[in-house]
Ligand SMILES: C[S@@+](CC[C@H](N)C(=O)[O-])C[C@H]1O[C@@H](n2cnc3c(N)ncnc32)[C@H](O)[C@@H]1O
């Protein structure tokens, strides 16, 4: 589920819609958390879908480290890509505000964290050498994203966490230790979906 202080806005015919902050969302706030209304779809199921629905799933879902497609039930699926994203992913089924996100600013992800099936041709942006998002970006940029997440976790207890109730019990202790700087963050490199990962690993 996406942070409640957001709304969907139309941007233009090239990008379509995006998710915008309606109030200040301070750095370190959980901006998205996996919840039980999100759908987890197995890759063979998606593969067998009719072309119309398959295309939509591939556009709106991301893949977890086990290769399952996660299709968010709410406006989270409308979050756009940026090479300078306002949100950062973590290994704990949640994303944090990477910096203060002001009212009217867009919540964006680096699609490099999403285990894309195909390269993604995005609009060009200044201040980066990257021109496309590639399926193996996680292998090249995880350290950069880990640093940003680690830094955002420092503010975790100083900000309101309206989505805090969605933190999954299995991650609570680790998050506490990271926030209190008693444990290092688990690297996003582990989010990279390797073909050989077994289905059983995804069972919780
Ligand atoms: C998950 S959807 C995001 C919501 C989408 N904007 C919409 O209105 O349906 C991903 C799609 O948004 C568009 N998009 C997102 N970020 C973009 C970017 N940085 N440059 C160009 N298109 C983008 C592309 O069409 C992409 O396939």
*asked:* One residue is enough: does region 118-129 have a residue meeting the conditions surrounded by 14 or more Cβ atoms within 10 Å (Cβ to Cβ) and in a helix (DSSP H, G or I)?
replied: no
*Give me the pairs, please: first residue somewhere in region 110-135 and touching a residue at least 40 places away in the same chain (Cβ under 8 Å) and more than 20 Å from residue 189 (Cβ to Cβ), second residue anywhere and outside any loop (DSSP other than H, G, I, E, B) and more than 10 Å from the ligand (Cβ to nearest atom), beta-carbon distance under 9 Å, and either six or more positions apart or on two chains.*
122/132
*So which strands (runs of 3 or more DSSP E) stay within region 1-104 end to end and still have 3 or more residues that are more than 16 Å from the ligand (Cβ to nearest atom) and under 16 Å from the mean Cα position of the chain (by Cα)?*
94-97
*Taking region 120-139 only, how many residues are within 17 Å of the chain's Cα centre (by Cα) and more than 10 Å from the ligand (Cβ to nearest atom)?*
6
*Quick one: would you say residue 68 is surrounded by 15 or more Cβ atoms within 10 Å (Cβ to Cβ) and out of contact with any strand residue (DSSP E or B) (no Cβ under 7 Å at 6 or more places or on another chain)?*
no
*Would you call residue 73 under 16 Å from residue 1 (Cβ atoms), touching a residue at least 24 places away in the same chain (Cβ under 8 Å) and surrounded by fewer than 19 Cβ atoms within 10 Å (Cβ to Cβ)?*
yes
_Cβ contacts < 6 Å: first residue closer than 18 Å to residue 74 by Cβ, restricted to region 8-19; second residue outside any strand (DSSP E or B) and near the ligand (Cβ under 7 Å from one of its atoms), any location; separation 6+ or different chain. Result?_
8/78; 17/78; 19/78; 19/79
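Read the figures in this text as sums done on the coordinates, not as results from a lab. Predicted model, so just to flag it, every value in this text is computed and none were measured. Cβ atoms come from the backbone with ideal geometry, glycine included; neighbour counts cover every protein chain shown.
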